[in-house]
Amino acid sequence: MNRVSGLSALELIIAMALFAVVAVKAVLVMNSANEAYGNDSAIMSLEDQARKTLDQISYAVLGSDRETIFPVPASPIYSPYFRYSLNLGIDADGNIVYDDPEEIALSEDETQVLWKKNPGTPEEQRVAWSNNVRQFLEGELLNAIDDNENGVIDETGLAFTVHKDAVTIRLSLERTTSDGETITHSEEAEITIRN
Ligand SMILES: [Ca+2]
Ligand SMILES: [Ca+2]
């Protein structure tokens, strides 16, 4: 009787131990699934943010007047900002009417894309279009070499180049996820100015 109950107790302990192992495994599987989901959603949201920001910049560049854009850097030189005015049409005397100057630039700490109206004046308005801007474009290092082989040297996470009537916009976003992984996403567009 004692032997039987002793065995039963042992069986119970083994059963509990097995259950504990299975339960721990189940928790581990759930945790890694959550982490994978967390990383996937962080990557998707960064991609989404990069695309939306590139679209906003592209529309602004598309509407800009060729005569007003500044600066006009050609590869391998780039600009981290783009200043322009929208062409509103022609007045009664036949002169082109421009809207107030606008600028797309990095914030002072170089982590945000800012849109500004009347930049550098007391009337300046600014809107942040994106956070998480990478210090340099993906694959680029500060070393006077074109590391990522895109024809531009040491370009920042937001970089503009101009060739004739085409403006190339490059953007890299980067952030660290909750589990410490660094994720990066880059977008590029070439916009031909119509004016
Ligand atoms: Ca480069
Ligand atoms: Ca470099």
key: Single condition residue 99 does not satisfy, out of (1) touching a Gly at 6+ places or on another chain (Cβ under 8 Å); (2) free of Cβ contacts under 8 Å to residues at least 40 places away in the same chain   = (1)
ask   = Can you find even one residue in the range 173-184 that is within 15 Å of ligand 2 (Cβ to nearest atom) and buried (at least 19 other Cβ atoms within 10 Å of the Cβ)?
value = no
task = Can you give me the number of residues within the range 133-168 that are in contact with a strand residue (DSSP E or B) (Cβ under 8 Å, 6 or more places away or on another chain) and more than 14 Å from ligand 1 (Cβ to nearest atom)?
result = 5
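Check whether at least one residue in the range 120-131 is surrounded by fewer than 17 Cβ atoms within 10 Å (Cβ to Cβ) and of a type in the set (A, V, I, L, M), and report yes or no. Steps first, answer last, please.
To start, the set of residues in the range 120-131 that are surrounded by fewer than 17 Cβ atoms within 10 Å (Cβ to Cβ) comprises 120-128, 131.
Among the residues that remain, those that are also of a type in the set (A, V, I, L, M) are: 127-128.
Yes - at least one qualifying residue is present in the range 120-131.
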Subset of the range 133-160 [of a type in the set (A, V, I, L, M, F, W, C) and surrounded by fewer than 16 Cβ atoms within 10 Å (Cβ to Cβ)] = 141, 142, 144, 145
request  = Would you please name the residue that is nearest to ligand 2 (Cβ to nearest atom), looking only at residues in the range 130-162 that are within 22 Å of residue 72 (Cα to Cα) and either touching a His at 6+ places or on another chain (Cβ under 6 Å) or among the small types (Gly, Ala, Ser) (or both)?
outcome  = 144
key: Among (1) more than 16 Å from ligand 2 (Cβ to nearest atom); (2) crowded, with 18+ Cβ neighbours inside 10 Å - the single one residue 92 does not satisfy   = (2)
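For the range 53-70, what are the residues that are touching a residue at least 40 places away in the same chain (Cβ under 8 Å) and not β-branched (Val, Ile, Thr)?
Result: 54, 56, 58, 60, 62, 64, 65, 66, 67.
Matching residues to (1) of a type in the set (Asp, Glu); (2) assigned to a helix (DSSP H, G or I); (3) surrounded by fewer than 16 Cβ atoms within 10 Å (Cβ to Cβ):
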| residue | (1), (2), (3) |
| --- | --- |
| 21 | no, yes, yes |
| 34 | no, yes, yes |
| 43 | no, yes, no |
| 49 | no, yes, no |
| 56 | no, yes, no |
| 72 | no, no, yes |
remark   = Of (1) modelled with pLDDT under 95; (2) among the hydroxyl-bearing types (Ser, Thr, Tyr); (3) within 25 Å of residue 185 (Cα to Cα), residue 8 fails just (3)
query = What is the number of the single condition among (1) of a type outside the set (D, E, K, R); (2) at pLDDT 95 or above; (3) over 30 Å from residue 182 (Cα atoms) that residue 150 does not meet?
reply = (3)
note = Taking first residues from the range 136-154 that are under 13 Å from residue 186 (Cβ atoms) and second residues anywhere that are assigned to a loop (DSSP other than H, G, I, E, B) and within 6 Å of ligand 2 (Cβ to nearest atom), the pairs with Cβ under 6 Å that are 6 or more apart or on different chains are 139/147; 140/147; 148/140
Checklist (1) away from ligand 1 (no atom under 11 Å from the Cβ); (2) more than 12 Å from the chain's Cα centre (by Cα) applied to residue 175, failing item = (2)
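The values are calculated or read from the model by the stated rules, or taken from the named source; none is laboratory data. Fair warning: this is a prediction, and the values are worked out from it, not measured in the lab. Note that we place each Cβ from the backbone using ideal geometry, even for glycine, and neighbour counts take in every protein chain shown.
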